[in-house]
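Engineer: Below is the structure I would like to discuss, written out as structure tokens.
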Amino acid sequence: MPPIDETVRGLIEAALDDDDPDGAVRWHVISVLRERGDLESFIEARRLCAADDVTQRLLGVDILGMLEAYVDRILPVLRYLAASEDDVMVLYSVLIAFGHLADPRSLPSVMDLAGHEDPRVRYGAAYALQHVLGDPPDRAGLNALRTLAADSDADVADWASLGVALTTGDQDRLGPFV
């Protein structure tokens, strides 16, 4: 990996130069910003979420999902994107970020996207739901997870089934996971 300017701006530029959304440089940058966990990282990630460019919004969401210390400031940004975004990969990342932040206040947004037409978005919802159901688990959220466990897309159904099993302790739902 080439040397990277370790300022927040330099790190973000390096991540944006990585064309692969799963690229090593991009995720190294996200990891460094997570470790920093500072206000500047949050502000820059939030700025990216407002960009016209999908790649920038995607990076902003992925960074925000790792900055747990700012969850009260992050949730409104992610909830706005969940309601207004058209790009399925950004929506998927918003849902993964909700799951990482594990805050039950995001449950309504996750449930709204659980019925999305694109299986990638439903997969993100299946991942997020088990983390945002609260304790005790929200009944409507658990029902949404159960609905996803019967999804026509096998990956969505498998992930949701695992979520139901882990949430309810119903080991019979684990199927291929044990």
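The values are calculated or read from the model by the stated rules, or taken from the named source; none is laboratory data. No experiment lies behind these values; they were computed from the predicted model shown. Backbone-built Cβ (ideal geometry, glycine too); neighbour counts: all protein chains shown. Surface areas here come from the heavy atoms of the whole protein model, side chains and all, with no ligands, DNA or RNA. Shrake-Rupley method; radii C 1.70, N 1.55, O 1.52, S 1.80 Å.
Engineer: Of the accessible area of segment 69-121, with the probe set at 1.4 angstrom, what percent is carbon plus sulfur?
Structural biologist: Details: 1290 of 2480 Å².
Reported share for carbon and sulfur atoms: 52 percent.
Engineer: Follow-up. What do you get for the angle between helix 54-64 and the principal long axis of the chain? Use alpha-carbon atoms, 0 to 90 degrees, nearest ten.
Structural biologist: Orientation of helix 54-64: about 80 degrees from the principal axis.
Engineer: Could you give the distance between the Cα centres of segment 123-155 and segment 18-87, to the whole Å?
Structural biologist: 23
Engineer: Now for a different question. So what is the accessible area of segment 1-137 per residue, in Å², with the probe set to 1.4 Å? Don't jump to the answer; show the numbers that get you there.
Structural biologist: Details: 6560 Å² over 137 residues.
Dividing the accessible area of segment 1-137 by its residue count gives 48 Å².
Engineer: Helix 71-84 versus the longest principal axis of the chain: what is the Cα-based angle in degrees, 0 to 90, to the nearest 10?
Structural biologist: Helix 71-84 sits at roughly 70 degrees to that axis.
Engineer: So what is the 222 nm mean residue ellipticity for the chain from helices alone, if each DSSP H run of at least 4 adds -39500 (n - 2.57) and you divide by all residues, rounding to the nearest 500 deg cm²/dmol?
Structural biologist: Numbers: 10 runs with 119 residues, N = 178.
That calculation yields -20500 deg cm²/dmol at 222 nm.
Engineer: Only Cα pairs under 8 Å and at least 6 apart count here; give the relative contact order of the chain as a rounded whole percent.
Structural biologist: Working: 244 pairs, mean separation 22.5, N = 178.
That works out to 13 percent.
Engineer: Using the beta-carbon distance between residue 27 and residue 118 and R0 = 30 Å, what value does 1/(1 + (r/R0)^6) give for FRET efficiency, to the nearest 0.05?
Structural biologist: Details: r = 23 Å, r/R0 = 0.78.
According to the calculation, E is roughly 0.80.
Engineer: Take the Cα gyration tensor of segment 65-178, multiply each eigenvalue by 5, square-root it, and list the three semi-axes largest first, rounded to whole angstrom.
Structural biologist: On the way: eigenvalues 98, 51, 24 Å².
With the √(5λ) rule applied to segment 65-178, the semi-axes are 22, 16, 11 Å.
Engineer: Quick one: angle between helix 39-49 and the longest Cα principal axis of the chain, in degrees between 0 and 90, rounded to 10, please.
Structural biologist: Taking Cα atoms only, the helix is inclined about 70 degrees.
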